[in-house]
Every structure is written in C-alpha cells, then in structure tokens.
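What follows draws every value from the coordinates through simple rules; no lab data is involved. This structure is a prediction, so every number in the text was calculated from the model and none was measured. In this analysis, Cβ positions are derived from the backbone assuming ideal geometry, glycine residues included, and neighbour counts consider all displayed protein chains.
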Amino acid sequence: MKVAIDGPAGSGKSTIAHELATRCGLVLLDTGAMYRTVTLACHERKVDVTDDEAVAKVAQEISITFGTADDGTQTVALDGRDVTAEIRTPAIDAEVSAVSAVPAVREAMVAQQRELGNAGDVVAEGRDIGTVVFPDAEVKVFLTANPEARAHRRALQRDIDDPKQEEAILADLKRRDKADSTRDVAPLCAADDAVHIDSSSMTIEEEVAQISALIDEARAAAVKPAVQEEPAAQTADEPKKTNKAKKGEDKPADPNEAFYEGAVREYGLGSRALLAASIGLCGLLSKTLWHWKFENGRTLWDAEGGQMVIMNHVSMIDPIVVVVSDWAHGRRMRVLYKSEFDKHKIVNWFFARIGAIPVKRGTADIKAVRRAQRALQRGEDVLVFPEGTRVYSDDQEVEIHGGFALIAQLAKAPVIPVAIVGARDGAPGGNKPLRPGFMWMRAGDPITFDELGVKGRKKQASAMEKVAMERVYALRDALRKEHPGKM
Ligand code: DC
C-alpha cells in the first residue's frame, strides 16, 4: 500500500502524513526532509547552491536516514547525526528550492525514496510523489490551502507570533510555491488521479478522516476479490493477480497476500469452513488426548479489542490449544510463525487460510509487524512466541525476540502473558510419539504500556519486552509448582 500526499509548503502534509502513518500502520516518508538535509549538507560544506555539479556531488556522498524520537515523532540524520531541528530554519527554507531543482539531486533522492517505499507500506509526502516517485500509489491526495492559512500554520509550528515574521514566512512560501511549480524537473503538480483536498478551513481530524476513508477503500478493493475466492480455486501454484500484478510490477504478488491482510471473519466461505473444521478437529483430539485446561482465560476472552498474547513455547500443541480456546469464545486469533515453515508449499497454503502470519526471523520484518498491527487494530488477537522456536529443555539457550512489544505498541494493544505446562510431555518433538496426559495453561492480567511507569516509546517497548516475559515465566513456574514434574 502506497499513499502519496503532495502539495505546497505549509499545506499540512507533514502533520497529516504523520497522523495517517500512526493510525493506518504505514511507514512515514518525509521527502521534503531529504531535500532539506542535502541543503544543510551543502551549507555546512560551504557549497554554492547554484553550482549544480557541486550540489549533486554532495547529494550522492551523504547518507540520509530516518529514526524515531522518544515521543514518537520522526527524526532525520545526516551521516548519522540528528539534524531534525537544523533542517527547519529560515536559512534552509531560503535555499532548499534551488537544491531540489537540480536534476541529479532529484535522481538520487527519488532512487532512495523508491527503495524505502518498496520495503513496506508507506505514506510519502512531498511535491512529486503521485506523479514521479510512486505513480502507482493506491491513494493519491493533493493537499492545498490558501497561502495565508499556510503561512499562519508554519508560524505556529515554529512558535512565532510576530506579524512581521509571519509576513516574511508568507513571502517565502509564495516564492517557494513559484519556484517549486515552475522548475523543469518534477514540478509541483497534482497527479491526474489525485483527490484534491483544500484544507484552508478543515481541521486536522477532518482531513485525516477523509484520507483514512480513501485508504480503507483502497485496501478493501485490493483484498476483497482475492479473499472471497474459495480455497480450492486459489492455490500457491496459481497466484491470484492482485491490482499490483495487473499493473505490471515485475515482482509477482504474494498469492496469500489477501489472507494476511484481510479480516479472518471476511475470508471466503471455503476458507472459513476449512478453519472451522480444523479448529473442531484439533479441539476434539487435543482435549481427548490431553484434557487441557485454560485457567483465567477470561482476561483474554472478555477483553475489548485485539489483544497481543505471548507465551512460552514447548511443543507444537501450544498454538493449537490457545487458538482453539480463543475461537471457541467467539474471538479470532492470528499466530505469528517462523517463515521457514513456508518452504513446504502445503503448510504455506494452509497456514495462510487459518489466518497465520509468517515472520522472517532475525530481520526487521516490517511487513509482518504491520500485518499483525492491523490485525490487532481490527480487533483480532495475535499470538506470538517470543522465544522464537520450541524450547525442548530448560538447558536450551533462549533468545527473547521483542517484536511483540513493538507490534502491541503500534496497535496500542495490551499484552496478555500466557504459560503452558505439560505440553512438552505430551508432544516431545523429534520423532518421539505423542503421549496422552494432561496440560494446563494460565493467562495473566493484561499489561498496558501506561502501567510500566516509563516514558518514551523505545523505553516503553523494552520495558514491555522484559516485564511481559517475566510474567510468562512466573505463570509457568507457578503451574509447574502446582503440577510437579510436568514440563
Ligand atoms: O515539504 P518541505 O517544505 O519540507 O519541502 C522542502 C523543499 O523540498 C520544498 O521547497 C520543495 C522540495 N521538495 C521537492 O522538490 N520534492 C519533494 N518531493 C519534496 C520536497
């Protein structure tokens, strides 16, 4: 999913794009910040911004990276140094139009923007996103506002309440509007298929609501036709063409995309029947073999909205019993599993249809993170095994993967710790046969980010990682004590 927001300086693109990124689970790409960073680098190296060749050389030499500040806002770094504040000064405003008009600078920036954009779902804002950078964006918006409204917003943004200074900002905006829209390369202009929004007298909330509705529509249009196919009509060998594939992108669309992105309740009848039959069969067999019990499950089943569930992982039974219990209480749960399983085509096909989401371990799998985030936001539960793989013995070295905390944080969902014991005895793994017996699970109370007592996104995520896993192990140890000898 690509969302392109273009418009003149001060039209509110940055605020709107930031808000959309948070609400709709998209990565924010502020392309103006990139041109500003090139301008700052020229400034620092005393390069004359009218010397196209020298400016182009700077653009090719420097490294521009984005990060996230503790308050969740985006930061920009020039060769690793945070320059977020330095690129938004009148000195940079004055020179950035000249720098961004140099064709070789644009070429370098557009290449980086496409690379960033193709790594995941993005909302990109700038002047040429819908026309040049992502002409295939699913949603294109051209945001305008009258120059006075834009100058006033910019003054507010920069804490200026002197009318003289606001007038100077207005004059600079008008000058930049002219420069940006009359330059030869990629001038500021709306794409033919862009939706025009005049924000002069709209609130941010109204603008965001309007664009979010466009995003929801585009997502529904991309997902529905494939999801509504019966499973038999869509196999991993015969990829369904999504809109992207039709548009002739060289990378074939993932045949399971619709299952990863769509709501489980909206899968086609065939897939829902497959899921119900699998749940029924697994429930019956597992209950008969292991008489499992899920204590305190109400913390999950009675909760409102999607919950991030994490648990210790000792056997292949663990996900089954939790998903079965959740489903039996009218909820829908998506399990995150290691993508290595997908090498078996049938597993890949089946897992997609029961709502599971693959994760490439050892990488920042942004796609999986966003899919899980959106599932939580839709009200589906997500089950993650932070230990990453089955733990066959207590001596096994375990590395905790903290991605669950990030996903929960992005979706603003609580984390519910769950522990299981007895499953390692029942399904020892390897070539060892299943053994009938008993299994117990217990859920802890939901943990919210607010109750962690730390401020800042990164600190909260690492606190959640630690606290939530400690609770899982505390629940497990309590269960082991109550059922001696059970693992
Ligand atoms: O959005 P902004 O004010 O931060 O952008 C700074 C400058 O960068 C603006 O004057 C035009 C230029 N720009 C551009 O030419 N193309 C883009 N995609 C984004 C910004």
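What to note about this one:
- Just one residue in the set Lys481, Lys459 is exposed (fewer than 14 other Cβ atoms within 10 Å of the Cβ), over 19 Å from Gln307 (Cβ atoms) and within 23 Å of the chain's Cα centre (by Cα); that residue is Lys459.
- In segment 89-107 there is no residue matching the filter, namely being within 26 Å of the chain's Cα centre (by Cα) and charged (D, E, K, R).
- Helices (runs of 4 or more DSSP H) wholly inside segment 328-437 containing at least 3 residues that are of a type in the set (A, V, I, L, M): 345-353, 366-378, 403-411
- Enumeration of residues in segment 1-19 that are within 13 Å of the ligand (Cβ to nearest atom) and assigned to a helix (DSSP H, G or I): Lys13, Ser14, Thr15, Ile16, Ala17, His18
- The set of residues in segment 108-121 being more than 17 Å from Tyr35 (Cα to Cα) and either buried (at least 23 other Cβ atoms within 10 Å of the Cβ) or out of contact with any helix residue (DSSP H, G or I) (no Cβ under 9 Å at 6 or more places or on another chain) (or both) consists of Asn118 alone.
- Qualifying residue in segment 72-88 (condition: over 24 Å from the mean Cα position of the chain (by Cα) and within 12 Å of the ligand (Cβ to nearest atom)): yes
- Pairs linking a residue in segment 35-59 that is within 24 Å of Glu125 (Cα to Cα) to a residue that is more than 16 Å from the ligand (Cβ to nearest atom), with Cβ atoms under 7 Å and 6 or more positions apart or on different chains, are Val55/Val47; Val58/Arg45; Val58/Val47.
- Number of the exception - Glu304 against (1) exposed (fewer than 15 other Cβ atoms within 10 Å of the Cβ); (2) in contact (Cβ under 8 Å) with a residue 60 or more places away in the chain; (3) part of a loop (DSSP other than H, G, I, E, B): (2)
- Residue count for segment 20-34, restricted to those that are within 16 Å of the ligand (Cβ to nearest atom) and part of a helix (DSSP H, G or I): 6
- Lys174 surrounded by fewer than 20 Cβ atoms within 10 Å (Cβ to Cβ), out of contact with any helix residue (DSSP H, G or I) (no Cβ under 9 Å at 6 or more places or on another chain) and not hydrophobic (A, V, I, L, M, F, W, C): no
- Scanning segment 462-487 for residues being touching a residue at least 24 places away in the same chain (Cβ under 8 Å), basic (Lys, Arg) and outside any loop (DSSP other than H, G, I, E, B) gives a total of 3.
- When Asp159 is tested against (1) part of a helix (DSSP H, G or I); (2) exposed (fewer than 14 other Cβ atoms within 10 Å of the Cβ), exactly one condition is not met: (1).
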